[in-house]
Amino acid sequence: MQISPFGPRQEPRPPHTSSPTSTTRRRRLALASVGALVLSLGLAACGGDDEAKDGKTTLTVATFNEFGYEGLLDEYMKENPDIKVVQKKLGTWEEHRDNLYTKLAAGSGLSDIEAIEGDGMPAILEEKGAFIDLSDDAVDGRWLDWKVKAGTNADGELIGYGTDIGPEGICYRSDLFKKAGLPTDREEVAALFADWDTYFQTGKDFVKKMPDTAWYDSSKGTSQAMINQLAYPFEDEDNKVVATSNPEVREVFDTVTSMQSAGLATNLDQWSPDWVAAFQNDGFATMACPGWMLGIIEGNAAGVKGWDIADAFPGGGGNWGGSYLTVPAMGEHQEEAKKLAEWLTAPEQQVKAFDAKFTFPSQVEAQEDPVLLKATQPFFNDAPVGQILSNRALAVELQPYKGPKYADIITAFQAAILRVDQGQESPDEAWDSFTADVERIG
Amino acid sequence: MTSQPTTAPAGEVSSSTSPAGPAQAVEPLPRDTPPRLTLRQRLSRWDVRFSPYLYVSPFFLLFLVVGMFPLAYTAYVSVHEWGLIGGKGEYVGLDNYRAIFADRYFWRAMRNTVSIFLLSSIPQVIVALAVAGLLDTQLRAKTFWRMSVLIPFVVAPAAATLIFGNLFGDRYGLINGALGLVGIDPIAWHVDTLPSHIAIASMVNWRWTGYNALILLAAMQAVPRDLYESAALDGAGKVRQFLSVTIPMIRPTMIFVVITSTIGGLQIFTEARLFDNVGLGGSDRQWQTVTLYLWELGWRLRDLGMASAVAWLLFLFIVIFALVNLAVSARLGAGGRK
């Protein structure tokens, strides 16, 4: 820019060239370049919201499905006036997980407390340093041992505080049982669900008399229940994938697919609109139901009379689902978040959550709580669900080992069974493609 | 060069966009061949010459930041081992690409993408053209009809997908119920490949046809009306007028619509993702599109290296498709003009 030589030569402006025009233009030019700069900088400088202006600390709690926390969070805010809690709810664990991993990868944006579904926990435990260690003397002995174990990583850090567990009973339609000439009384029915052989045999008798109604809701639910009774279904203790070489897995696969050909399955994909509609169309007579499923049945089967729950589960006990609360290391208020998570997962609070949404507590003390044990459910023929689920929790003898690939493998496993249900592949073909899928997952 | 009364006011941008403007003004002084310009004149010259670029620069700067940079960075990621959370690993060259070419689900995703693209884009453009043609005629309550075709576009795709999910239920769905009334066997929308593609394509078409129709309508309105008069005098009927006057006249807009729907049609994600609750495109990947495949690799299997490689393959694939479509649609328009 050679401005100086021109400087002295600057002539007086011609009278009709008004100086404002020129300065305006120059200013405009400057503005344009500044504008461009601001635009590009603005992109880099987004994010970073400040503390609430009223001096309150805002904590965010991200959950999915129903945790029954709405009333509890209000209670916490009343007890702690300097804390404001905002709950972020998503519909399903899958959506929540996708959001969680996207933000973990981005390194920002996670809530102060993130709920994690039990099946997703092994993969989360692998993310070293992403979540803080929540170990605390105050929580020693609070939960069932296996619940704590599944929330602890290889370094012995407690990553998740247990919320609920999913002890399973069998929910059944007593009205359809009656039509098929089966007993309807809760206790007599329980004998029919003592083991898988009796359960399937009763199913075969049932579909003979009621050909338009399937025995269970979906192969997905039934196979999940059976997989949850294996010690090392898909991975051994060194996280080596054994899914396709494990004879027990093959046995579950063969059993479920042979029951499909015997007409016991609806052949519907669990959680699909058709599956939801089947509740209203006498589509099936029984289903594996963990505590949190009761609310779902009540919703899907609104207006249908005859649902009941038996205090039995084939093959002993079974647990399906149940979650944890974690505190991401990227959070700004880790201490406050840990305190809130500790409070939410205390037995007293979890009993209230059970009262709200039937999420069965994973806390030893809460399971013996008289309020919980006395809880009944009108929709399920006034069944004493608190007592039944409590018995079902005690019957759980074994927790399957779940490694980091568990969630991906069971998705592939259930897709393979669904292919048989849908008539796309024979059981052998489906097993072969499942084997290929597992190799692909690695 | 003291006060030149004839000198154009320095930098009247509006008077001339030619950079030679101010130079012309000093021509009356032939003895002094390259006349020295004042600072203001020079500035105005730069202004005229460069500021248009400056004015459009925000777009290109933005494009550089949000378009070119991700494109280049994705290429960089695609030649590395790269975990979603673990981040960068070893340099692996083209191994990710090789692994994708060896994955049967990639080829299935390609097949599904092309099939859904054909089932969506082609009917979409044809129907949009017909709808626009109808809207271009003398109708009562024109604005009402024009706005109506845009309503599907305003509905959130996720919400629309839920409604369509109930329509296309295999067993208790409305469509199969209606087919049953006329004695047609239920169609397995979530099982068989082609029906699932038709279902997804119909969601896409429902959403985009009205939007494209409005764009085409805008172009049709700009066609000089006297062309239709002369065509009518020559004895051309309405259909003939539409084919021989309207379509050739809106060719540039047609090409725009074809290219954008090509790009969109090859990137279908939401409709396929939400067609079942697992989100991987069916028990046998019947309707897994390439974008869904990319998402599975990146976010389910947490391998961003592979996902980036798919992103690049998809990019190249779209460029090729768009070029082919450009050639085809350009020829179509030219054929009509003969």
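Only a single criterion out of (1) in contact with an Asp or Glu (Cβ under 9 Å, 6 or more places away or on another chain); (2) crowded, with 20+ Cβ neighbours inside 10 Å is not satisfied by A:Pro427, namely (2).
The C-beta contact set for region A:234-253 (first residue over 14 Å from A:Asp432 (Cβ atoms) and part of a loop (DSSP other than H, G, I, E, B), second residue of a type in the set (A, V, I, L, M, F, W, C) and open to solvent by 20 Å² or more (accessible area, probe 1.4 Å), distance under 7 angstrom, 6+ apart or interchain) comprises A:Phe234/A:Val241; A:Phe234/A:Val242; A:Asp236/A:Val242. Checked against (1) over 13 Å from the mean Cα position of the chain (by Cα); (2) in contact (Cβ under 8 Å) with a residue 12 or more places away in the chain; (3) more than 14 Å from chain B (Cβ to nearest Cβ), A:Lys89 passes all but condition (1).
Only one of the listed residues (A:Met293, A:Met330) is open to solvent by less than 10 Å² (accessible area, probe 1.4 Å) and touching a residue at least 12 places away in the same chain (Cβ under 8 Å). That residue is A:Met293.
Yes/no matrix, rows are residues, columns are (1) touching a strand residue (DSSP E or B) at 6+ places or on another chain (Cβ under 9 Å); (2) without any contact (Cβ under 8 Å) to a residue 60 or more places away in the chain; (3) farther than 21 Å from B:Leu119 by Cβ:
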residue: B:Gly237; (1), (2), (3): no, yes, yes
residue: B:Met249; (1), (2), (3): no, yes, yes
residue: B:Val257; (1), (2), (3): no, no, no
residue: B:Gln267; (1), (2), (3): no, yes, no
residue: B:Thr270; (1), (2), (3): no, no, no
residue: B:Gly282; (1), (2), (3): no, no, no
residue: B:Thr289; (1), (2), (3): no, no, no
residue: B:Met306; (1), (2), (3): yes, no, yes
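Evaluate the following for A:Phe434: is it among the aromatic types (Phe, Trp, Tyr), under 26 Å from the mean Cα position of the chain (by Cα) and away from chain B (no Cβ under 13 Å)? Spelling it out, it is not the case that A:Phe434 is among the aromatic types (Phe, Trp, Tyr), under 26 Å from the mean Cα position of the chain (by Cα) and away from chain B (no Cβ under 13 Å). Go through (1) over 22 Å from A:Asn267 (Cβ atoms); (2) in contact (Cβ under 8 Å) with a residue 24 or more places away in the chain; (3) not hydrophobic (A, V, I, L, M, F, W, C) one by one and return the number of the condition A:Asp185 breaks. That leaves (2) as the condition not met. Of all residues in region A:129-146, those satisfying the criterion of being of a type outside the set (A, V, I, L, M, F, W, C) and more than 25 Å from A:Asn319 (Cα to Cα) are A:Gly129, A:Asp133, A:Asp136, A:Asp137. Summed over region A:265-283, residues that are more than 9 Å from chain B (Cβ to nearest Cβ) and closer than 21 Å to A:Phe434 by Cβ total 1.
Within region B:94-126, the set of residues being β-branched (Val, Ile, Thr) and crowded, with 16+ Cβ neighbours inside 10 Å comprises B:Ile100, B:Thr113, B:Val114, B:Ile116, B:Val125. Figure legend. Inter-residue proximity from region B:58-73: first residues within 11 Å of chain A (Cβ to nearest Cβ) and at pLDDT 90 or above, second residues open to solvent by 60 Å² or more (accessible area, probe 1.4 Å) and in a helix (DSSP H, G or I), beta-carbon distance below 6 Å, spacing 6+ or different chains. Indicated pairs: B:Pro58/A:Leu39; B:Val65/A:Leu43. Scanning region B:294-311 for residues that are assigned to a helix (DSSP H, G or I), within 12 Å of chain A (Cβ to nearest Cβ) and within 25 Å of B:His190 (Cα to Cα) turns up B:Trp295, B:Glu296, B:Leu297, B:Gly298, B:Trp299, B:Arg300.
Among the candidates B:Asp170, B:Asp185, the residue that is modelled with pLDDT of 90 or more, in the same structural domain as B:Met203 (by TED's automatic domain parsing) and in contact with a His (Cβ under 8 Å, 6 or more places away or on another chain) is uniquely B:Asp170.
Looking across region B:216-254 at every residue that is farther than 17 Å from B:Ala330 by Cα and basic (Lys, Arg), the one that is surrounded by the fewest Cβ atoms within 10 Å (Cβ to Cβ) is identified as B:Arg225.
Go through region A:87-107 and report how many residues are closer than 20 Å to B:Val77 by Cα and open to solvent by less than 70 Å² (accessible area, probe 1.4 Å).
6
Taken over region A:201-212, the criterion of being open to solvent by 10 Å² or more (accessible area, probe 1.4 Å) and touching a residue at least 60 places away in the same chain (Cβ under 8 Å) is satisfied by A:Lys204, A:Met210, A:Asp212. Of B:Ile263, B:Ile250, all but one fail to be within 24 Å of B:Ala75 (Cα to Cα) and among the β-branched types (Val, Ile, Thr); the exception is B:Ile263.
Conditions tested, residue by residue: (1) assigned by TED's automatic domain parsing to the domain that holds B:Arg300; (2) of a type outside the set (S, T, N, Q).
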residue: B:Phe69; (1), (2): no, yes
residue: B:Tyr91; (1), (2): no, yes
residue: B:Trp107; (1), (2): yes, yes
residue: B:Asn112; (1), (2): yes, no
residue: B:Ile126; (1), (2): yes, yes
residue: B:Leu129; (1), (2): yes, yes
residue: B:Asp136; (1), (2): yes, yes
residue: B:Thr143; (1), (2): yes, no
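What are the pairs with Cβ atoms under 6 angstrom where one residue, in region A:365-378, is farther than 23 Å from A:Val139 by Cβ and the other, located anywhere, is open to solvent by 90 Å² or more (accessible area, probe 1.4 Å) and not polar (S, T, N, Q)? Sequence gap at least six, or different chains. Between residues of region A:365-378 that are farther than 23 Å from A:Val139 by Cβ and residues that are open to solvent by 90 Å² or more (accessible area, probe 1.4 Å) and not polar (S, T, N, Q), the close pairs are A:Thr376/A:Asp382.
The values are calculated or read from the model by the stated rules, or taken from the named source; none is laboratory data. Since this is a predicted model, take the numbers as computed values, not measurements. Here Cβ is always computed from backbone atoms with ideal geometry, including for glycine, and neighbour counts include all displayed protein chains. When the accessible area is computed, the model is the full protein with side chains, heavy atoms only, and any ligands, DNA or RNA have been set aside. Shrake-Rupley method; radii C 1.70, N 1.55, O 1.52, S 1.80 Å.
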